[in-house]
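Novice: Here it is, the structure in full.
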Amino acid sequence: MNNPIAIFDAGLGSYAIVETVHKAYPKQDIIYFADRKNFPYGKKTIEELKVIIENSINFLFEEGANFIILASNAPSITVLDKIKNKEKVIGIYPPIADVIEDRKKNTLIIGAKVMTESQEMKEFIKKEAGSYHEQFHSKNASPLIELIESGDFINKKDETETKIKNFMVEAENEFGKIDSITLSSTHLPWLKNYFEKLFPEIKLYDPA
């Protein structure tokens with residue numbers, strides 16, 4: 001392979017990133033690594049994630065990767081800045097700049113607990129949003145992520161809709177009327193059709 005790009009996370013969600021890279025650079029060699037041994041990243045502690053991500057990056061460079069995309073929000077936010085050997089590694093993050101550009105006013109960032117409840121998440125929002133930071137709210141979406149991991153979002157559609165509705169009622173009781181949501185876990189875009197059906201007025205953003 002010629003200067004391959006490696007793309008990895010703990011599951012299959014990052015395959016969308018593979019497709020995006022392949023579409024933009026059809027001749028680019030790609031190493032795709034689904035780290036099923038450590039699935040899911042969102043249930044790990046920050047210290048556990050740090051070890052896992054360092055080991056995975058070292059492994060991919062040893063396999064010949066020239067550049068690496070860490071296609072998972074939780075470790076990108078919480079540990080990527082803390083690890084060694086990260087000069088040719090980028091992560092994916094909630095697309096806060098896009099939300100601000102679209103002039104949205106009250107945004108919910110949803111993802112794994114290890115990310116949404118971390119100090120690193122608060123610092124990321126303040127850094128990226130500046131004076132707009134108070135319009136961004138982080139919420140643990142582990143109950144929704146579990147719908148994907150269990151397959152219930154396919155097999156139990158009515159139950160899935162009810163859980164999403166209850167999740168949003170809770171969010172809006174806490175943060176007010178939501179006009180935009182960043183789906184900041186590689187699991188959550190699998191629920192996009194549900195959100196679009198139940199809350200068509202809310203703008204959805206995939207990780208970027």
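The values are calculated or read from the model by the stated rules, or taken from the named source; none is laboratory data. All figures in this text were calculated on a predicted structure; none of them were measured in a lab. With ideal geometry, Cβ positions are generated from the backbone for all residues, glycine too; neighbour counts draw on all protein chains shown. The accessibility values were calculated without ligands, DNA or RNA, using every heavy atom of the protein model including side chains. Shrake-Rupley method; radii C 1.70, N 1.55, O 1.52, S 1.80 Å.
Novice: Looking at Pro189 and the list (1) in contact with a Phe, Trp or Tyr (Cβ under 9 Å, 6 or more places away or on another chain); (2) farther than 24 Å from Asp81 by Cα; (3) of a type outside the set (Phe, Trp, Tyr), which single condition is not satisfied?
Specialist: Going through (1) in contact with a Phe, Trp or Tyr (Cβ under 9 Å, 6 or more places away or on another chain); (2) farther than 24 Å from Asp81 by Cα; (3) of a type outside the set (Phe, Trp, Tyr) one by one, Pro189 breaks only (1).
Novice: Could I ask something else about it? What pairs come out if I take residues in the stretch 115-139 that are free of Cβ contacts under 8 Å to residues at least 60 places away in the same chain and of a type outside the set (Lys, Arg) and pair them with residues that are outside any helix (DSSP H, G or I) and open to solvent by 100 Å² or more (accessible area, probe 1.4 Å) whose C-beta lies under 7 Å away, six or more apart or interchain?
Specialist: Filtered contacts from the stretch 115-139: Gln135/Lys105.
Novice: While we're on this one: Could you say whether any residue in the stretch 69-81 is under 30 Å from Ser180 (Cα atoms) and among the acidic types (Asp, Glu)? If you could, list the steps in order and put the result at the bottom.
Specialist: First pass over the stretch 69-81, keeping only residues under 30 Å from Ser180 (Cα atoms): 69-81.
Adding the requirement that they be among the acidic types (Asp, Glu) leaves 81.
For the stretch 69-81, residues under 30 Å from Ser180 (Cα atoms) and among the acidic types (Asp, Glu): present.
Novice: Working only within the stretch 29-74, note down all residues that are closer than 18 Å to Glu120 by Cβ and aromatic (Phe, Trp, Tyr).
Specialist: Within the stretch 29-74, Tyr41 is the sole residue that qualifies.
Novice: In the stretch 63-87, which residue that is part of a loop (DSSP other than H, G, I, E, B) and touching a strand residue (DSSP E or B) at 6+ places or on another chain (Cβ under 6 Å) is surrounded by the most Cβ atoms within 10 Å (Cβ to Cβ)?
Specialist: Quick first cut of the stretch 63-87, residues part of a loop (DSSP other than H, G, I, E, B) only: 63-66, 71-72, 79, 83-87.
Applying the additional criterion that residues be touching a strand residue (DSSP E or B) at 6+ places or on another chain (Cβ under 6 Å) yields 65, 71-72.
On the way: Ala65: 24, Ala71: 29, Ser72: 32.
It comes out as Ser72.
Novice: I would also like to ask the following. Out of the residues in the stretch 88-106 that are within 20 Å of Lys139 (Cα to Cα) and among the aliphatic types (A, V, I, L, M), which is most open to solvent (accessible area, probe 1.4 Å)?
Specialist: Restricting to residues being within 20 Å of Lys139 (Cα to Cα) and among the aliphatic types (A, V, I, L, M), the top hit is Ala97.
Novice: Next up: Taking the residues in the stretch 8-55 that are surrounded by 15 or more Cβ atoms within 10 Å (Cβ to Cβ) and among the basic types (Lys, Arg) as candidates, determine which candidate is farthest from Asn140 (Cα to Cα).
Specialist: Lys50
Novice: Quick one: Pro75 ticks every box in (1) more than 23 Å from Glu170 (Cα to Cα); (2) over 14 Å from the mean Cα position of the chain (by Cα) bar one, so which box is it?
Specialist: It fails just one condition, (2).
Novice: Is it fair to say Ile109 is outside any helix (DSSP H, G or I), open to solvent by less than 80 Å² (accessible area, probe 1.4 Å) and in contact with a Pro (Cβ under 8 Å, 6 or more places away or on another chain)? Spell out the reasoning first.
Specialist: Numbers: outside any helix (DSSP H, G or I): yes; open to solvent by less than 80 Å² (accessible area, probe 1.4 Å): yes; in contact with a Pro (Cβ under 8 Å, 6 or more places away or on another chain): yes.
It is true that Ile109 is outside any helix (DSSP H, G or I), open to solvent by less than 80 Å² (accessible area, probe 1.4 Å) and in contact with a Pro (Cβ under 8 Å, 6 or more places away or on another chain).
Novice: Run Ser180 past the list (1) surrounded by fewer than 19 Cβ atoms within 10 Å (Cβ to Cβ); (2) of a type outside the set (A, V, I, L, M, F, W, C); (3) farther than 23 Å from Lys44 by Cβ and report the number of the one that doesn't hold.
Specialist: (1)
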